[in-house]
Structure formats: C-alpha cells, structure tokens
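Here's the structure, in structure tokens; my notes come after.
We did not get these values from a lab; they are worked out from the coordinates using the rules stated. Every value quoted in this text rests on a predicted model; they were computed, and no experiment measured them. Note that each Cβ is placed from the backbone with ideal geometry, even for glycine, and that neighbours are counted across all protein chains shown.
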Amino acid sequence: MELARWLVLLVMLIAGDARADDGVGQHWRITTDRGPIHVWTPEGYDRATASTVVFVHGYNTDVDTAWSEYHLQEQFARSGLNAMFIACSAPANKNYPVYWASLTNLLHAVKAGIDQPMPDGDLIAAGHSGAYRTLVLWLANPALHTLVLLDAAYGEEDQFMAWTRDDQHHRLINVASDTIQESNWIAAYLPTTKRVDGLPAEWSDDTTRTARVLYVRTNVGHMPMITDGIALPLALRALVK
C-alpha cells in the first residue's frame, strides 16, 4: 500500500503538480511558466491566524534542489510558526533574470495552484544570499510586513534600510556572516537595532525576539547559514506570537 501511494505521487510529480499529506503537514509542488513553487503547511495549520512566509533561495541552486538539499520543510517545521510556507524559483546566478518580480503575482499563482484561500496573517519574505535581487523588488508590496535576510545584505542595502526606516510597522531580521561589514552599516543607520552576537539556541528574552530591527552576527559561514538548518528556524521563531 505504501509503495502504491508513492508511485501515485511519482506520477503526479512527473505530470507537473503534486500534493502530499505526509503526516506532518501538507505539501504541494506547483508547476508554473516561471519555475516550480513548493508550498507547505504544518500539521495543525490554522489559516485564520497563520502568516505567509515566502522563502527565496540564493545562487548555484534551483528551488527543487534547495527544497530537498536544504531540508526546507524540516527547517520550516522547526520554527514552530503557524504559517503557509512558500519556496519559489529564483536566479541561479547573476546572469539569470528574476523570475518573480511581483510578489502579488506569486501569491496568486500559489492560491490558484493549491485551490485554497491564503492565510489572513502577516506576509513575510525571507531569502539567502543572491535572493536579495528578488526581495528588493518585493519591497513595493504594501502587504509585506517582515523581511528576513540570511547573508543577503550585500546588494541594494540602501533600499532595505529605507523600507525599514520609513514605516514603523515594517520589521527587519538580518542574520549576517559574510555580510557583516554591510550589515554593520545597516545597523548604524537604524539606531533602534537590537544586536545579538552568535546564533543562540533560543531567544533569551521577548525584548530581543520581538525587536523591530534584529541583527544577528555569526561566524557560521555563508552556505552553512542555510544548509545547517539553524539560522532560518531561529529567525522565524522570532515571528511566533
């Protein structure tokens, strides 16, 4: 029976789209003309109180590889956040175009692909490294509430700073390893920044966890920041209400 179930899933994947309930949530893979989109909701997901978290991968990978090799579903699960988690296609190097210049269009594609209403809570965008090229285009979306940069503050820093500064409802969580020099500049420009040195196992207090501008400095390394499965769940746990 289990083999038959996975054979059916394989056929669906080959056909383009797939939906699976693995006992720890529900996963969809949506095929679009701008590349695949992965969507996952955890067990116990409550749309009425859930956030939407959109993750953008960096260079030298694609979304399917990032989903599997970075164990994104497991990282999202470790955050403990009630959310619909979305991972979209993004440029694999600097010569590739941005696939999803419009966050609104991406969310419309997700809604159509899963045939379910979107969550009612905050809209959060997170990205690693070269994801900044996509994220900076999403700053114009008035619904965007929180931005999570994972060693992604090495381009367009002035726009990320302006977005954070100009609206007190906007929240920035910046985790830096190779981008500490640029991130120090951002922190100096945003004087209310709460700084944390090292990746803590958990946030030490609510004041730190809920800071509007949170800056985490670490020497974990550029790729381990996303592959080790620590920084992303930690950053997202700062969003748990």
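For a quick check: sort Thr227, Thr179 by the number of other beta carbons within 10 angstrom, fewest at the front.
Thr227, Thr179
Tell me the net charge near Asp206. Cut-off is 15 Å between Cβ atoms, Asp206 excluded, with +1 for each Lys or Arg and -1 for each Asp or Glu.
Neighbour charge sum, excluding Asp206 itself: +4.
So what is the relative contact order for the range 145-241, in percent, with contacts set as C-alpha pairs under 8 Å and at least six apart?
Once divided by the residue count of the range 145-241, the mean separation gives 31 percent.
About the Cα centre of the chain, what is the dipole size in debye to 20, counting +1 per Lys and Arg Cβ and -1 per Asp and Glu Cβ, all else neutral?
That gives the chain a dipole magnitude of about 300 debye.
With a sphere of radius 9 Å drawn around the Cβ of Gly155, what net charge do the other residues whose Cβ falls strictly inside it have (Lys, Arg +1; Asp, Glu -1)?
Around Gly155, the surrounding residues sum to -2.
Please report the antiparallel percentage of the DSSP beta bridges confined to the chain, to the nearest 5.
Roughly 30 percent of the DSSP beta bridges within the chain come out antiparallel.
Give the aspartates and glutamates whose C-alpha is closer than 20 Å to that of Lys111, dropping any in the same chain fewer than 8 places away, or say none.
Within reach: Asp17, Asp21, Asp33, Glu43, Asp46, Asp64, Asp120, Asp122.
Measure nothing but the geometry: give the 0 to 90° angle between the long axis through the Cα atoms of 2-15 and the longest principal axis through the Cα atoms of the chain, rounded to 10°.
Helix 2-15 sits roughly 70 degrees off the main axis of the chain.
Once the cut-off is 18 Å, how many percent of the Cα-Cα pairs in the range 148-241 end up in the long-distance tail?
The share of Cα pairs beyond 18 Å in the range 148-241 comes to 38 percent.
Can you pull the one-decimal nm distance between simple spin-label points at Asn219 and Asp166, each 7 Å off the Cα toward Cβ?
Spacing of the two 7 Å Cα→Cβ label points: 3.8 nm.
For Ser183, Ser79, which order do you get if you count the other beta carbons within 10 Å of each Cβ and list the fewest first?
Ser79, Ser183
What FRET efficiency would be calculated for the residue pair His71, Tyr45, taking the C-beta separation as r and a Förster radius of 25 Å, to the nearest 0.05?
After rounding to 0.05, the efficiency reads 0.85.
Using alpha carbons only, how many angstrom separate the centre of the range 122-148 from the centre of the range 169-184?
A separation of 13 Å, based on Cα centres.
Per 10 Å bin from zero, what fraction in whole % of the C-alpha pairs of the chain is there, up to the bin with the longest pair?
Per 10 Å bin, starting at zero, the Cα-Cα P(r) for the chain comes out as 7, 34, 38, 17, 4, 1 percent.
Tell me, what is the percent relative contact order of the chain, built from C-alpha pairs under 8 Å that lie six or more residues apart?
Dividing the mean separation by the residue count of the chain yields 17 percent.
Ranked by Cβ crowding within 10 angstrom, fewest neighbours first, how are Val56, Val240 ordered?
Fewest-to-most ranking of Val56, Val240: Val240, Val56.
Among Gln26, Thr193, Asn174, flag the residue with its Cα farthest along the positive direction of the charge dipole of the range 23-237, charges on Cβ as +1 for Lys/Arg and -1 for Asp/Glu.
Thr193
In the neighborhood of Tyr132, defined by Cβ-to-Cβ distances under 15 Å, what is the net charge if each Lys or Arg adds +1 and each Asp or Glu adds -1?
Spelling it out: positives minus negatives among the neighbours equals -4.
So, by mean Cβ neighbours within 10 angstrom, what's the order for 111-122, 63-74, 85-96 with the highest one leading?
Put in order of decreasing packing, that is 85-96, 63-74, 111-122.
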